[in-house]
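Asks: Below you will find the structure I want to go over with you.
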Amino acid sequence: MNANPHDIIVRPIITEKSNRMMSQNKYSFEVLREANKIDIRRAVEDVFKVKVSSVHTISVHPKPKRRGRFVGKTRSWKKAIVTLLPGSRIEFFDGAGL
């Protein structure tokens, strides 16, 4: 896939669970649905200037939601959990810790 690395990484996911995973050098991102593990690895290495050890991806399926009598679904998206090599850190997340 020939996409800009900044386009592959949609946004970081900052939750309580992702903050706990940061101590294990794991970071979570929402990524493009069409991106594969190799694309995600290259994008994280290019954007954040770190070395990636492994990438795990999850397709998050839509959940049914109701708002009174109106029925709909949440959107589907792709999540990537990126593990960095020991000694590498993403400085973007340093101020986000709880």
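The values are calculated or read from the model by the stated rules, or taken from the named source; none is laboratory data. Just so you know, these numbers come straight off a predicted model, no measurement behind them. Using ideal geometry, Cβ is built from the backbone for each residue, glycine included, and neighbour counts are taken over all protein chains shown.
Asks: Among the residues of region 69-98, which ones are among the small types (G, A, S) and at pLDDT below 95? Spell out the reasoning first.
Replies: Filtering region 69-98 down to residues among the small types (G, A, S) leaves 72, 76, 80, 87-88, 95-97.
Hits for region 69-98 are G87, S88, G95, A96, G97.
Asks: While we're here: For the chain, give me every one of the strands (runs of 3 or more DSSP E) that falls completely inside it and has 3 or more residues that are of a type in the set (D, E, K, R).
Replies: Per the criteria, 64-67.
Asks: Moving to a separate point now. Could you grab me the full set of residues in region 41-63 that are closer than 17 Å to S76 by Cβ and of a type in the set (V, I, T)?
Replies: T57, I58, V60
Asks: Something else now. Specify the residue that is nearest to K78 (Cα to Cα); the eligible residues are those in region 11-35 that are surrounded by fewer than 14 Cβ atoms within 10 Å (Cβ to Cβ) and either in contact (Cβ under 8 Å) with a residue 40 or more places away in the chain or under 14 Å from the mean Cα position of the chain (by Cα) (or both).
Replies: Per the stated criteria, the residue is R33.
Asks: I would also like to ask the following. Determine whether E34 is of a type outside the set (A, V, I, L, M, F, W, C) and closer than 24 Å to E91 by Cα.
Replies: no
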